[in-house]
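All of the numbers you see were taken from the coordinates with simple rules; none came from a lab. Predicted, not measured: the structure shown is a model, and the values here were computed from it. For neighbour counting, all protein chains shown are included, and Cβ atoms are generated from backbone atoms with ideal geometry for every residue, glycine included.
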Amino acid sequence: MSFAMMIRNASAWTSLISAAYPRARWVEPETLERWMQEPDDNGLVLLDARSPAEQFVSQLPGARRVDARRPNVSALEIPNDATVVVYCSIGLRSAAIVEELEAIGIRNVYNLEGGIFDWANQDRALVRGEAQVTEVHPYNQFWGMLVRGDRRAAD
């Protein structure tokens, strides 16, 4: 197995992040994609915990941005019974947001396993505005190694 393939193993990153944020629950990309395709989408709220520059390149369809550095989770006005999925590049920034949302009483909140990097590597839907795209922001040169070359936006 190549180094690039080895570091792209989402479950390994999930284990490391879970050690730092043990209360954060995870949802697999397959499950989230199914939730997104349901007609009433069960009150699904998608929150993107990446920077504006990262989000400008692409995001999951329908996602709203939350500032990972200074999240004002109460200002998001999320109903307590909503199903919330938070994501970032690999799941670290979003795990902190998941725990904050749980602390204010949101019960059905999840971190996207593997983040947007794994989502993109699995050829799942990404958008820039209304347009379908295939690229994702690499965050930086090191973390960008987690994204397949054909999915990585130019720096």
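So for the pair GLU30, ALA154, with labels modelled 7 Å out along Cα→Cβ, what separation do we get in nm?
Roughly 3.7 nm, to one decimal.
Using mean Cβ contacts within 10 Å as the protection proxy, how do 23-36, 111-124 order, highest first?
Peptide ranking by packing, descending: 111-124, 23-36.
Students often check this: by mean Cβ neighbours within 10 Å, which of 81-88, 125-132 ranks highest, and how do the rest follow?
Highest to lowest by the protection proxy: 81-88, 125-132.
For P(r) over Cα pairs in 10 Å bins from 0, in percent, several values are listed as (i) 10, 30, 28, 20, 10, 2, 0; (ii) 10, 31, 26, 17, 10, 4, 1, 0; (iii) 11, 44, 36, 8, 0; flag the one computed from this structure.
Recomputing P(r) over Cα pairs in 10 Å bins from 0, in percent here gives the entry labelled (iii).
Out of ILE90, ILE78, ILE104, any idea which swings most in a Gaussian network model of the chain, alpha carbons joined below 10 Å?
It is ILE104.
With charges set only on the Cβ (+1 for Lys and Arg, -1 for Asp and Glu), what does the dipole of the stretch 58-137 come to about its Cα centre, in debye to the nearest 20?
Here the size comes out at about 200 debye.
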